[in-house]
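> Following this message is one structure expressed as structure tokens.
Just so you know, all these numbers are worked out from the coordinates, no wet-lab data involved. The model shown is predicted, which means the values in this text are computed figures rather than measured ones. As a convention, Cβ positions derive from the backbone with ideal geometry for all residues, glycine included, and neighbour counts pool all protein chains shown.
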Amino acid sequence: MPIYLKDVDVIPEVAKYQSALFVLCRFCPAASLAMRNDTPYIEFFRRFLDTESYEHLIGEMQSRLEKEGLKTDVFRGNLFPMPLNYIICFWNSGQRDKLLKQAQQYEAVVVMGCEAAYQSVCNILKSTDCKIFLGMETEGVFDAKPKFRLPLNISLELTNVKPVRYPDMQSGNEASP
């Protein structure tokens with residue numbers, strides 16, 4: 001069930017720390033931003049599996065934090081096995097261990113995904129002192145029509161969003177695990 005997400009400005013809260021690691025779910029957030037910005041979701045030969053509008057948002061957030069003096073990075077993890085390591089909720093133990101090891105070098109972690117992705121990261125990092133922030137929030141569940149263009153570009157046309165709310169999550173603030 002694909003989740004339609006919007007980004008939340010967590011930069012003011014995250015900027016209170018000295019370092020931040022971005023943890024990315026690669027499906028719902030990227031698809032949501034691609035539809036919202038009317039840009040391709042996948043441009044296989046140009047960007048492989050990175051979505052331009054999603055990478056742009058992450059880059060802007062990193063830049064803003066770096067201007068505040070923070071050290072930032074993006075958790076890339078393992079590409080394979082696909083699609084399991086592409087979506088946070090499906091991560092295997094190797095991917096989880098890799099995040100745990102890398103996150104220990106950071107004070108803050110920003111989860112770019114839905115509330116379920118956030119909860120998964122909280123569970124993975126429960127043994128650390130990392131402050132975990134939810135960088136996106138759910139607007140609903142979406143339906144979309146895929147559009148294919150040569151050479152192997154895929155865009156998504158949003159057809160419907162069924163609203164869904166998570167009342168225990170507050171946008172822009174550190175959520176409680």
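> Along the charge dipole of the range 3-163, which of 65, 17, 90 sits closest to the positive end, that is, farthest toward it, with unit charges on the beta carbon of Lys, Arg, Asp and Glu (+1, +1, -1, -1)?
Of 65, 17, 90, it is 90.
> Using the charge dipole of the range 108-167 (Lys, Arg: +1 at Cβ; Asp, Glu: -1 at Cβ; taken about the Cα centre), state which of 108, 122, 138 has its Cα farthest towards the positive end.
Comparing the listed Cα positions along the dipole, 138 ranks first.
> Here's another thing I want to ask about it. Magnitude of the Cβ-charge dipole of the chain, K/R +1 and D/E -1, about the Cα centre, nearest 20 debye?
Values: 20 positive and 22 negative charges, 91 e Å.
In debye, rounded to 20, the chain gives about 440.
> What is the sum of charges around residue 95, taking Lys and Arg as +1, Asp and Glu as -1, for the other residues whose C-beta is under 13 Å from the C-beta of residue 95? Each step should come with its number before you reach the end.
Values: positive: 26, 76, 96, 98, 101; negative: 97.
For residues surrounding residue 95, the net value is +4.
> Also: Count charges around residue 163 for me, please; just the other residues with Cβ under 15 Å from its Cβ, Lys/Arg as +1, Asp/Glu as -1.
Once all neighbours under 15 Å are counted, the net charge is -1.
> Summing +1 for each Lys or Arg and -1 for each Asp or Glu, what net charge is found among the other residues whose Cβ lies under 10 Å from the Cβ of residue 33?
Overall, the nearby charge balance is -1.
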